Amino acid sequence: MNFTTPCSVSVEDRKEQEKLFEWLKSIGYSVNSLGGRWHFTYTHGDGIIHSHWCADGIKGIRKIKHCGTDIDLFKALAAMNDDNDRKQWFININTGEWALSEHDDLGLTKLIWDKATTEEIIEHFKNIKQ
């Protein structure tokens, strides 16, 4: 699967790490082992979530959307791909309503729903947190 949006998130809680690992695997990522305080990073093109000790150095990687500790934003960005619609955000072109797809293909409903862009997702989650 070709995921399209490089992104990262810091997750300290062990149970949250495990839940995130399972979620990532469920949408098609390969993930490596857990341990300690991790910073999950997806880099464009390899389809693998890399876990690193959380460090300031990770912030220097270009083009990666850094989500801080916002797991929901990370999931929204990490799910973005061109192969299916599963776990991706869509915007109703008539009403502006947002919806999360639980299906691999929205089919004909795509006539009124556009896949949200990276920038739209970031802005949407920023507004939710305010």
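Readers should treat all values here as calculations from the given coordinates under stated rules, not as data from a laboratory. Predicted model, so just to flag it, every value in this text is computed and none were measured. Every residue, glycine among them, receives a Cβ derived from its backbone with ideal geometry; neighbour counts consider all protein chains shown.
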Query raised in the report: residue 87 versus (1) farther than 13 Å from residue 27 by Cβ; (2) surrounded by 14 or more Cβ atoms within 10 Å (Cβ to Cβ); (3) among the basic types (Lys, Arg): which is the lone unmet condition?
Result: (1)
Report summary line: Going through the range 1-32 in order, the residues found to be part of a helix (DSSP H, G or I) and more than 11 Å from the chain's Cα centre (by Cα) are 14, 15, 16, 17, 18, 19, 21, 22, 25, 26
Requested in this report: Those residues that are part of a helix (DSSP H, G or I) and either in contact (Cβ under 8 Å) with a residue 60 or more places away in the chain or under 13 Å from residue 76 (Cα atoms) (or both), I need them from the range 87-127; list them, please.
Outcome: 118, 119, 120, 121, 122, 123, 124, 125, 126
